[in-house]
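This report concerns only the one structure given below.
What follows draws every value from the coordinates through simple rules; no lab data is involved. Here the structure is a predicted model, which is why all the values come from computation and not from measurement. Here the Cβ positions follow ideal geometry from the backbone for every residue, glycine too, while neighbour counts run over all protein chains shown.
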Amino acid sequence: MKKVGILVLLCVLQVTHSSRDSLVKLINNGYEDIIIAINPKIPENSNIIDNIKKMVTDASSYMLQATENRLYIRSAKILIPNTWSSNSIYGRPKTESYDKADIIIADPFIYGDFPYTLQYGGCGERGKYIHLTPNFMLNDKVLRIYGPRGRVFVHEWAHLRWGVFDEYNDDIPFYISKLGKVEATRCPLALGGLNKVDICGARGCKKVDCQVDLTTGLFESDCAFYPNVDREVHESVMYGQALEPVHAFCNAKSHNKEAPNQQNRLCNQKSTWEVIMDSPDIKASVPLTDTNIPGPTFALLQYKDRVVTLVLDVSGSMSQFDRITRLYQASEVYIMQIVESGSSVGIVTFSSDAKIESELVKIVDTFQREKLKQLLPKVANGGTNICAGVRKGFEVNKKTDSSTYGTEIVLLTDGEDTAISSCFEEVKASGAIIHTIALGDKADKGLEQLADLTGGLKLFASDKVDANGLIDSFSGIQSGSGDVLQQSIQIESTATTIQPNKCLAGKVTIDSTVGNDTFFLVTWSYIIPSIELKDPKGKEYKNAQFVSDIVSKSSRLTIPGTAEVGDWEYNLCNTQSVEQVLGLTVNSRAANPDVPPIVAETYMNADTNIFPSPMIVYATVTQGLAPVLGVKVTAFIEPQNGKVITLPLLDNGAGADIIKNDGIYTRFFTDFNGNGRYNLKVHVQSQDSDGKANIPKSRALYLPGYVENGTLVENPPKPKVTIDDLNLGNFSRTSSGGAFVVSNVPSGPLPDLFKPSRIMDLKAFIQDLKVRLTWTATGDDADKGNASRYDLRMSLNSEALVENFDNGTAVNISSLAPAIAGSAEEFSFTPQDIALKNGTVIYFGLVAIDEAGQKSEPSNVARAALFIPTPAAKPAPTVKPGNSANSILGSGNTFILTLVLTILAYHL
Ligand SMILES: [Ca+2]
Ligand SMILES: [Ca+2]
């Protein structure tokens, strides 16, 4: 019985996919429909299109070679923004959109043209997108640095699609090998080269051999590795794709397990090729015997202006729980504030039958918004016929150019309709995107399928009004065109039950990246509260300045021009003798066309889940694709019973968070408290100017140069990063992550089913012949609570430890009680059975065990090498630009006299 259960689980997991998933298909060894989207901010340049085609064509044959004749690219779609001139050869996108693109061509916000892939899952997991810059696509000079575009594409595709990681490490460029040699962090080790540093004088600079720094045993800083262009070394796509002879991935034989890189840390020292061979793509593809593949075909698709019709349920059940009022309130917000100017908007209502309330109206100013608002439904009765509503929506959307391609429907319903599947075929053929909003706990289970079939968003709002779910759902339905400057950005969304004569008070921070088209919306459930709002300069707004609407039970204030930057204080008081729910929603748009707004986004690892697998919550905070660090991120997860679960998300490189400081904030979610739909929402707060923008991680290697036939060829220098002025100041954001569905949760009290999550950041150091270990504590249930104890193992053989954790020698760590998940842990001991001598390398692994005796997966293998300097054998470091020879020699002598032993440490 148990086996059957597991089998069912596996099958379900394979068919599960999220609306944010790529639309790429793999058919008979060929990838089809790769989406490459050009950002609307990029000036029109047809060379970008030509170079995309050439890049993908080159990538296809290189990919075939690198995957040993298994995979290539059959077709791609290039999404052209509507800011570019139209062309009769451009088709119209259907469900393809910028926010579902596999490859984004966009300006870098901070600096540089380095290509990178946004990866957020673990080893073997797919990434989100590849980012290439217009300069990378157009300027052939950058190709010397990163390699030909087709090769870079395959390097990034391996991150995106097969979940492998980089084999270089900018932070730890060199390490000391088991043989006591200093090596560049790379794969394979067989790829030789020269280690050189610039020595500069009055007559310019020249390159000399790097010297070992006596304090670290490693090369002096600024030393760079220049790999050989070696005709015999082919296996280095995740390190040296720029080198001409490279056309394969490091495999089990050539893999460098010692290199301190992300691949070894996150993939348990497995080679990139072994991980790729385990991917579903490779498993589905037998090697081709005929490798004469056709070149990829391209479809050029250009966006049209947005067309969206609200399809709203007005059946009898909508009169319960105040649903019709909340529908009116939320769709009014959507029409008045959220939908972008230039969009065409229609309204359809449905119960047993459907009715057009408004044909498409193009939004130019408030006049059209007001007109549409008057047509929103206020009464509910009759049955539920979802397909009738959808068909009517198509009819409206077709009116502009007799096609529904690329048009959108926002479908809101609370009802069950067993006939929902009767229009699935029409929906598929329509080429329209359907976003679904499920209201209450009875909405039809087929609703999510409508969204899945069309790549739409899946949203859910419970009947609990103080979660603001419905307004947040509508706020999350943005245009998928990639034009963030046009989008309405939610700054705040809060609602609470307020007792008689009590107030809802707080502050909302408007930051300098937003401020245009700002509105404050106060909602109430019975009677308008007393409203006070003060801007950062002390200007006050009260009930008289707000426009109130008794039907939607909301009061709105629109700030003309650009709202003042700073804290806006509000005080909403319930002056009635009964309790009521008061809410505040604040939205704004970008203030400056040249400064991208800070944007938060949140999503789950899957949109369906079977208990007891833990889920993962992600939130990304970015400014123009650059990650934003150091902010407080809180997830609010609301199940159907309305009992909201609060979860702080962390960017600490522990637990579910694979990479520290990459602007992706993560946490495991295990607090399931019922079956059915859950809604995800996240709140982001930067206080005391903690928020900072940063450079994305996981980027292609900057190659400083290479050695060909014994001659060192230098590439242009790496641009310097200036990160002085990236403080973002105070800001806040809220974002809706949509709905996910959980099943199989038993009722009643549950046994402990969750083991501690894997420790991923174990580091080891040897200091004064003592070993010191550091890591981030895991929890009892994934990354929540405290584990009960640790099991620490060490070995002189890393492979033995990776193969079987129990092979390691147990170290007594019982004196250390595990701290709460997320805390910094430290443990020191003197190894008993290992004689420490110069060059000794010891490997460590750690397992956490919970109260129920459940063990975590073994940690990353940490590695510590003991380095004892031998002063006589090594000269002092090379003279660097700006340093005088005397001072270097002076400090060098001091070190030789005083240093007995030095420590070298890093983790794999
Ligand atoms: Ca992270
Ligand atoms: Ca547990």
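Tabulated data
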| quantity | calculated |
| --- | --- |
| Rg/Rg_globular for the stretch 486-527, with Rg_globular taken as 2.2 N^0.38 Å and Rg from C-alpha atoms | 1.46 |
| Estimated distance in nm for a label pair at residue 830 and residue 712, the labels positioned 7 Å out from Cα along Cα-to-Cβ | 4.5 |
| J(HN,Hα) series, the stretch 701-707, from Karplus relation 6.51 cos²θ - 1.76 cosθ + 1.60, nearest Hz, glycine and proline x | 5, 7, 9, x, x, 8, 10 |
| Filter on 41/196; 507/763; 362/643; 196/837; 25/257; 755/837 - keep pairs with C-alpha separation over 31 Å | 41/196; 507/763; 362/643; 25/257; 755/837 |
| ³J(HN,Hα), Karplus 6.51/-1.76/1.60, whole Hz, each residue of the stretch 357-368, x for Gly, Pro | 8, 8, 5, 4, 10, 7, 7, 10, 8, 4, 4, 5 |
| Residues whose placed amide H lies under 5 Å from that of residue 437, excluding near-sequence neighbours | 411, 412, 413, 459 |
| The chain: calculated mean residue ellipticity at 222 nm from DSSP helix runs of at least 4, using -39500 (n - 2.57) | -4500 deg cm²/dmol |
| The stretch 34-137: relative contact order as a whole-number percent, Cα under 8 Å and 6+ apart | 35 |
| FRET efficiency, 1/(1 + (r/R0)^6) with R0 30 Å, evaluated for residue 26 and residue 799 via beta carbons | 0.35 |
| Extension gain from residue 207 to residue 551, taking 0.36 nm per residue of separation minus the Cα-Cα distance | 116.2 nm |
| Per-residue Cβ neighbour rank within 10 angstrom, fewest leading, 126, 144 | 144, 126 |
| Vicinal HN-Hα couplings computed from phi for the stretch 537-542 (Karplus, 6.51 cos²θ - 1.76 cosθ + 1.60; Hz; Gly/Pro x) | 8, x, 5, 9, 10, 10 |
| Point-charge dipole on Cβ atoms (K/R +1, D/E -1) for the chain, about Cα centre, debye to 20 | 580 |
| Distance-filtered residues of the stretch 834-867 - backbone nitrogen under 17 Å, label point 7 angstrom along residue 812 Cα→Cβ | 834 |
| Extension reserve of the residue 352-residue 613 stretch, reckoned as 0.36 nm per residue once the Cα distance is removed | 90.0 nm |
| Amide H partners (placed H, <5 Å) of residue 491, local residues excluded | 586, 587, 588, 734 |
| Overall dimensions of the stretch 763-867 as given by Cα atoms, namely Rg and Dmax in Å | 13.5, 42 |
| Cα-projected label distance for residue 632 with residue 424, points at 7 Å along beta-carbon direction, nm | 4.6 |
| Net charge, residue 507 excluded, C-beta distance under 10 Å - Lys, Arg +1, Asp, Glu -1 | -2 |
| Environment charge at residue 407 (Cβ cut-off 9 Å; Lys +1, Arg +1, Asp -1, Glu -1) | +2 |
| For residue 606, distant residues with modelled amide H under 5 Å away | 616 |
| Length-normalised contact order for the chain - Cα pairs under 8 Å, 6+ apart - percent | 12 |
| Taking N as its residue count, the alpha carbon Rg of the stretch 488-595 over 2.2 N^0.38 Å | 1.06 |
| Contour minus Cα-Cα distance for residue 496 and residue 594 (0.36 nm per residue) | 31.6 nm |
| Part-to-part distance (alpha-carbon centres) for the stretch 505-531 and the stretch 602-647, which is given in Å | 24 |
| 829, 350, 114, 765 arranged by Cβ crowding within 10 Å, fewest neighbours leading | 829, 765, 114, 350 |
| D (Stokes-Einstein, µm²/s), Kirkwood Cα radius, the chain, 1.002 mPa s at 20 °C | 72 |
| Computed FRET value (nearest 0.05) for residue 141 with residue 290, which takes r as the C-beta separation and R₀ as 45 Å | 0.75 |
| Net charge over other residues, Cβ less than 13 angstrom from the Cβ of residue 359 (K, R count +1; D, E count -1) | +4 |
| Charge dipole of the chain about the Cα centre (unit charges at C-beta), most positive-ward option of 495, 676, 324 | 676 |
| For 210, 187, 573, order by how many other beta-carbon atoms lie within 10 Å, fewest first | 573, 210, 187 |
| The stretch 305-482 - charge dipole about Cα centre, Lys and Arg +1 at Cβ, Asp and Glu -1, debye rounded to 20 | 280 |
